[in-house]
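J.: Right, I'll just put the structure down here and ask away after.
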Amino acid sequence: GYREKRRKTLIELAKKISKSVLRTGRSTTLEPMNPYERRIIHSAVSEIEGVTSHSTGEEPYRKVIISSTNPRKSGERRGKNDRDRRRRNPEGPRKLDLATSFEKDYKRPKPEDELNAGLYGKIEF
């Protein structure tokens, strides 16, 4: 029953990825598959409106790419939420302080740095 179980899994994968591609408008590349598995993916995607699939690469690393038939434009926004976000913060995106507390502590001068004792410090015998 492995082959039938794998076929059902691949069909579900194709549906899930197709749904994601329709929602985002971005193409998705699947992992390399053998011809039998790629054929299952192609047939499942062909039944879903708004997406298409094709294979690329050389055997045994040939992959299936699922893409939208009407991809989203690069400047296109996703609706009124983006407009609302701009209204709330008219000065633009917030500036983030990317320095972590670790970096602040690491860059702080330490007492040993001021000894001017050379590379290894003072060595007494």
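The values are calculated or read from the model by the stated rules, or taken from the named source; none is laboratory data. From a predicted model like this one, the values you see are computed outputs, not experimental measurements. As a convention, Cβ positions derive from the backbone with ideal geometry for all residues, glycine included, and neighbour counts pool all protein chains shown.
J.: In the stretch 20-53, which residue that is at pLDDT below 95 and among the basic types (Lys, Arg) is nearest to ARG72 (Cα to Cα)?
T.: That would be ARG26.
J.: Return the residue satisfying two criteria in turn: it lies in the stretch 38-62 and is outside any loop (DSSP other than H, G, I, E, B) and over 19 Å from GLY25 (Cα atoms), and of such residues it is nearest to the chain's Cα centre (by Cα).
T.: If we take residues in the stretch 38-62 being outside any loop (DSSP other than H, G, I, E, B) and over 19 Å from GLY25 (Cα atoms), then THR56 is nearest to the chain's Cα centre (by Cα).
J.: Looking at the stretch 12-32, which of its residues are closer than 15 Å to GLU49 by Cα and free of Cβ contacts under 8 Å to residues at least 40 places away in the same chain?
T.: Matches in the stretch 12-32: LYS15, LYS16, LYS19, SER20, ARG23.
J.: Continuing with this model, one more query. Take the residues of the stretch 14-37 that are in a helix (DSSP H, G or I) and of a type in the set (A, V, I, L, M): which is farthest from the chain's Cα centre (by Cα)?
T.: For the stretch 14-37, the residue satisfying everything is ALA14.
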